[in-house]
Amino acid sequence: MKFVVFAARFALVLSCVLVTVVPAQARFWQCAPYAREVSGIQIFGNADTWWSQAAGKYDRGNTPEVGAVLSFRSSSHMRLGHVATVAAVVSDREVLLNHANWSRRGGVEYSARAVDVSAAGDWSEVKVWYGPQGGLGTTVYPTNGFIYADGKPGTDQFAAASAPKVEMASLTGGGRMIGVRD
């Protein structure tokens, strides 16, 4: 009888340990550390401070470029703002973004569609693809503009096929989300 109790306890402890183990490559990402890692832009702190911190240190503007960081202002939807890297420029009013902690807490999203919906076409307001909705939705997010990295944009090493991930593809072609397996 003692062996059965011991075996049951051992199995319980082992299962608890296995549930809490996370592979070394898996990370819970916030948007700012992810954007810093991928873009090479060395700004620290919450996303809503990036625009002002970039002044005098990095070029800023309203023209999308691959490798640049799109800086979102804080709003009622995002108290601490948001930052995302430009993966591709589709047109003067549409880009694809790589960013973290948007559609899924801690997950990284690749090639998420973002559209400039500002009246002046200056990227001061955007709509961004949101995974759970499978589209752009109706929320308009205020932005500051683009922060341009010095030199060559960083490589997104976290898209590697060997990393543990969950993929969610939009039927509307909006983006692909990668995150830590649940």
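The values are calculated or read from the model by the stated rules, or taken from the named source; none is laboratory data. Just so it is clear, the model here is predicted, and its values are computed rather than measured. Glycine gets a Cβ as well: all are built from the backbone with ideal geometry, and neighbour counts include every protein chain shown.
Structure values in brief
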| quantity | calculated |
| --- | --- |
| Qualifying residue in segment 8-15 (condition: at pLDDT 95 or above, of a type outside the set (Ser, Thr, Tyr) and at negative phi) | no |
| Top-ranked residue in segment 48-75 [being buried (at least 18 other Cβ atoms within 10 Å of the Cβ) and small (Gly, Ala, Ser); ranked as farthest from the chain's Cα centre (by Cα)] | Ala54 |
| Hits in segment 16-44 - residues which are surrounded by fewer than 12 Cβ atoms within 10 Å (Cβ to Cβ) and modelled with pLDDT of 95 or more | Gln42, Phe44 |
| All positions within segment 129-163 that are crowded, with 18+ Cβ neighbours inside 10 Å, part of a loop (DSSP other than H, G, I, E, B), at pLDDT 50 or above and not small (Gly, Ala, Ser) | Trp129, Leu136, Tyr148 |
| Subset tally (residues that are among the charged types (D, E, K, R) and either touching a helix residue (DSSP H, G or I) at 6+ places or on another chain (Cβ under 9 Å) or in a strand (DSSP E or B) (or both)) for segment 48-87 | 3 |
| Some residue of segment 91-109 being without any contact (Cβ under 8 Å) to a residue 24 or more places away in the chain and not in a loop (DSSP other than H, G, I, E, B) | yes |
